[in-house]
Every structure is written in structure tokens, then in C-alpha cells.
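**Student:** My structure is below; once you've seen it, I'll send some questions.
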Amino acid sequence: MSLSLPPFLRRMTVAVLLPLALAACASTGRDFSAPLTPAVDPQVARHYAAIETEKFPVPAVPLDKLKQRNIRTQVDYSTDQPPGTIIVDPHDRYLYLVQEGGKAMRYGVGVGKAGLEFSGTANVQYKRQWPRWTPTQDMIARSPEINQQWAGGMEGGPENPLGARALYLFQGGKDTLYRIHGTNQPWSIGEAVSSGCIRMMNQDVIDLYGRVPDGSKVVVL
């Protein structure tokens, strides 16, 4: 035998359940079709934030275009080189600063044609902040329409291809013409590029500059 609710109880049941059903279907204001933005490590955000305390402002590196492999990070690194040595691996496009305890600070780098023309051991003869850049005769010959105007040199600044810092490598007292330098093109890090030696994001080359003194040993693989 089925039970039938009196009319007034049926009306009360509908009145209670209908708002609950509508509430369950109501939008919370979130668009579930939109992709979720991954959380950014606060330390990474700080490392690649804009720098306003420099002679020239250094723009932030766009975090949505920053590849994980290129983020400055401490890694395990086995080598017989002493702490303080810079090891450049131009083929894997990494630069390592050897640290104590089998560790190294690893930086992503971009490698230009000149960056593949030297290997061996050298020393940081000197360093420069916001360095002056003078194109070589080969560079002028390859792209005279771009580089001829700078044959006398370009002062340091945001447009200078050496970026915020440069480390000048010498071997036996002679300039190797090999440079570790910044770049105003952070998207080129981790890539093979048409010119230059070993380029780093400005934030990274500023960090490296502060860690290594003149005379530091450099090994280019």
C-alpha cells in the first residue's frame, strides 16, 4: 500500500527542496573551462623580478616564458675542479659555478658562434658592469647594415648586446675574445644563437658577477 502525503505537506516539501536544488546548480564564479595557472615558486619569482637599483633598469623575465631547465638552481655536480671554478658546457648550454660539498650553482645559457670556437682553461682577467661593446671585424663583415654604425663601440645600456655584466676571459695573459655576458633577449637562453659567446639572463649574470672575483678559473668543455 503506497502512502500519499497530504497536499499541504507536498507543498512544504517542494518549497524546501527546490532552493537546495537551485543552489547546487548555481555558478561559483569560477570558469572551469579555463586552464589552471601553475603556482610560481616565490624564490624563482624573486630571482627573475625587475631590478630597479641598477644604473639602468633591468626588466623582469616573463615567468610564463621561463623554461624550467634554465632556472638558476643548485645541483649535485661531481668534478675535480676546486670550488669557485666556472665550468661552461656550451653543448648542453649550461654554466656551472663549482661549490663546496659536491654542489654547483647551475645557470642556463645561450651559446653563439663564438661560444663554440674556444675550449680549454682560462681566467677571468677582469669584469665590467654595463660593459661597452665593440663588434669584431667579422661581425661587421657579416652584418654591415647593423654593426657598421657601432664600429667605434656602443656604450653600456639596455640595448647593448653584452647586457648588464661581462666577464672577460684571458689565457696566458692574452685575450681569448671569449666573453660570459648578459643579454636583453632572455628568450634566447638555452638556445643556439647567431652571435656572441656565452650569454646569460641579466639577473643571472649579475648573480654570477657577485660570486666570482677577478682571476677566477674558467674551464670551457
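**Student:** Shape call for the stretch 58-121 from the C-alpha gyration tensor, a ≥ b ≥ c root eigenvalues: rounded (a/c under 1.5), prolate (a/b greater than b/c) or oblate?
**Tutor:** Here the stretch 58-121 falls in the oblate category.
**Student:** Now for a separate question. May I have the convex hull volume per residue, in Å³, for the Cα set of the stretch 40-175? Write down the numbers at each step before the final one.
**Tutor:** Working: hull volume 20.9 nm³, N = 136.
Hull volume over Cα atoms, normalised by residue count, gives 154 Å³.
**Student:** Further, regarding this structure: Quick check: residue separation of Leu63 and Arg211 times 0.36 nm, minus the Cα distance between them. What number comes out in nm?
**Tutor:** 50.9 nm
**Student:** Right, next: Taking a ≥ b ≥ c as the square roots of the Cα gyration tensor eigenvalues, with a/c under 1.5 meaning rounded and otherwise prolate when a/b beats b/c, else oblate, which class fits the stretch 127-184?
**Tutor:** Oblate is the answer for the stretch 127-184, as a/c is 1.5 or above yet b/c matches or exceeds a/b.
**Student:** Which value, in Å² and to the nearest 10, is the accessible area of Glu100 when all protein chains are kept and the probe is 1.4 Å?
**Tutor:** Counting only protein heavy atoms, Glu100 exposes about 140 Å² to solvent.
**Student:** Which whole-number percent gives the relative contact order of the stretch 60-130, counting Cα pairs below 8 Å spaced six or more residues apart?
**Tutor:** Working: 80 pairs, mean separation 19.6, N = 71.
The value is 28 percent.
**Student:** Further, regarding this structure: In whole Å, what is the distance between the alpha-carbon centres of the stretch 115-147 and the stretch 189-221?
**Tutor:** 13
**Student:** OK, next. Is any residue of the stretch 145-181 close enough, with backbone N under 19 Å, to a label point placed 7 angstrom from the Cα of Leu221 along the Cα-Cβ axis, and if so, which?
**Tutor:** In the stretch 145-181, the label zone of Leu221 (backbone N under 19 Å from the point 7 Å along Cα→Cβ) covers 179-181.
**Student:** May I pose another question? Do you know the relative contact order of the stretch 116-221, to the nearest whole percent, from alpha carbon pairs under 8 angstrom that are 6+ apart?
**Tutor:** 34
**Student:** Can you say what percent of the DSSP beta bridges in the stretch 153-221, counting only those with both residues inside, are antiparallel? Round to 5.
**Tutor:** About 60 percent, rounded to the nearest 5.
**Student:** Given contacts defined as C-alpha pairs under 8 Å and at least six residues apart, what's the relative contact order of the stretch 128-182, whole-number percent?
**Tutor:** 35
**Student:** Expressed in nm to one decimal, what extension gain is obtained for the pair Ile140 and Val44 from 0.36 nm per residue of sequence separation less their Cα-Cα distance?
**Tutor:** 30.8 nm
**Student:** Another question, then. Would you mind counting up the charge near Leu169? Only other residues with Cβ under 9 Å from its Cβ, with Lys and Arg at +1 and Asp and Glu at -1. Before the final figure, lay out the partial values.
**Tutor:** Values: positive: Arg179; negative: Asp175.
Result for the local shell: 0.
**Student:** Separate question: Given axes a ≥ b ≥ c from the Cα gyration tensor, I'd like to know whether the stretch 107-221 is rounded (a/c under 1.5), prolate (a/b larger than b/c) or oblate.
**Tutor:** Because its axes are fairly even, with a/c under 1.5, the stretch 107-221 counts as rounded.
**Student:** If we count every other residue with Cβ under 15 angstrom of Ser216's Cβ, Lys/Arg +1 and Asp/Glu -1, where does the sum land?
**Tutor:** +4
The values are calculated or read from the model by the stated rules, or taken from the named source; none is laboratory data. Note that the structure is a prediction, hence the values are computed from the model and not measured. Please note: Cβ atoms are built from the backbone with ideal geometry, for glycine as well, and neighbour counts cover all protein chains shown. For accessibility, only protein heavy atoms count, side chains too; no ligands or nucleic acids. Shrake-Rupley method; radii C 1.70, N 1.55, O 1.52, S 1.80 Å.
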